[in-house]
Amino acid sequence: MTGAGGFIGSHSLPILIENGFEVHAADLFVPEEKPTGVHWHPVDLLDTRQTDELLAAIHPTHLLHFAWYAKPGEYWNSLENIRWVEGSLHLLRAFHRHGGKRIVMAGTCAEYDWRYGYCSEQVTPLVPSTLYGICKNTLQHLLKEVSQVTGLSSAWGRLFFLYGPHEKPEKLVASFICSLLKNQEAHCLHCTLIRDFLHVQDVASAFVSLLESNVNGPVNIASGNPVTLKDIANTIADKLNKRDLVRFGESTCPLNEPSLLVAEVKRLNIEIGWTPNYDLDRGLEETIEWWKKQRKVLNEGKNKAAD
């Protein structure tokens, strides 16, 4: 697995271990806390030599590729996206050259034409409007063509919106929770936008199920359930009893943002046979509790330092 130390990767590792895989985790940074039974490889996947050496050493049968440039606020139009297309293609060729059988790569809902709102793998046009979406979509097409030529089994998981423990604090759900836990005003701009959210543990589970299946091509990784940003904000505020700190913004859609962005999940539910374990209420409850624990640990550390 690439990007093993990332948001989705870190949640996927225990599931792979439980399902009997011998897991080799590739990431530039090795986390301090990691699941037992995982073989860690500190590798820069944009260095072709390091990629070749890694694949030659372990000869993996399956590959789950999460690694990509994902710095909040920058990744949408960063030129790093192009480097990751190049690195991912080299990884793909090395994987096939060393006997790989099944590969799943992570895509994005940003590949779709957002003007349609409801996104189906087989119907909705692919017209990305950002460099990130263009690069992901380009890699998806190349993966499909390489697989047809080589006979490699492959699938492409198109991610929608996710949340959960270990999310970066700048992201929507995390930032809202953190603000309220600090007794600060929590601002929900463009509160009428309708989105499709899935708990990160379910995202990880869905990707592992996709990896273990024989389903090929693009598959939406999402809940299929539309929810407004306002409903998410109010649910979090109610769980913390802090409705008075919520501030809602404009009702109009921001530039380049669709009012509706929801996935069709028939392939995920029917062809793969996967359904989520978390509904939004349970997922937000668990996420809030995780952030509470993080604040407690942080405050204890500050108190010790002061002593």
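Please treat every number below as a calculation from the coordinates, not as lab data. Since we're looking at a predicted model, the values are computed, not measured. Because the Cβ atoms are built from the backbone with ideal geometry, glycine has one as well, and the counts that use them run over all protein chains shown.
About its Cα centre, the dipole of region 80-137 is roughly 320 debye, where the only charges are +1 on Lys and Arg Cβ and -1 on Asp and Glu Cβ.
Which order do the peptides 214-220, 165-171 take when ranked by the mean count of other beta-carbon atoms within 10 Å per residue, highest first?
Order by mean packing, descending: 214-220, 165-171.
Computed from Cα positions, the angle between helix 7-18 and the longest principal axis of the chain comes to roughly 60 degrees. Along the charge dipole of the chain, pointing to its positive end and built from +1/-1 on Cβ of Lys, Arg, Asp and Glu, which listed residue (S147, Y116, T228) has its Cα farthest out? Going by the charge dipole, the pick is T228. By the beta-carbon count within 10 Å of each Cβ, the least crowded to most crowded order of R97, R158, R267, fewest first, is R97, R267, R158.
Principal-axis analysis of the Cα atoms of the chain puts helix 48-58 at an angle of about 80° to the longest axis.
Classify region 185-292 as rounded, prolate or oblate, taking a ≥ b ≥ c as the square roots of the eigenvalues of its Cα gyration tensor: rounded when a/c is under 1.5, otherwise prolate if a/b is larger than b/c and oblate if not.
Numbers: a/c = 3.25, a/b = 1.61, b/c = 2.02.
Oblate shape, in that a/c is at least 1.5 and b/c is the bigger or equal ratio.
Under 8 Å for C-alpha pairs, at least 6 residues apart: give me the relative contact order for the chain, rounded to a whole percent.
Taking the mean separation of contacting Cα pairs over the length of the chain, I get 17 percent.
Report the FRET efficiency, 1/(1 + (r/R0)^6), for E185 and V149, where r is their Cβ-Cβ distance and R0 is 41 Å, rounded to 0.05. Walk me through the intermediate numbers first.
On the way: r = 55 Å, r/R0 = 1.35.
Computed FRET efficiency for E185 and V149 comes out at 0.15.
Zone of C178 (label point 7 Å along Cα→Cβ, backbone N under 18 Å): which residues in region 193-212? Within reach of a label on C178: 200.
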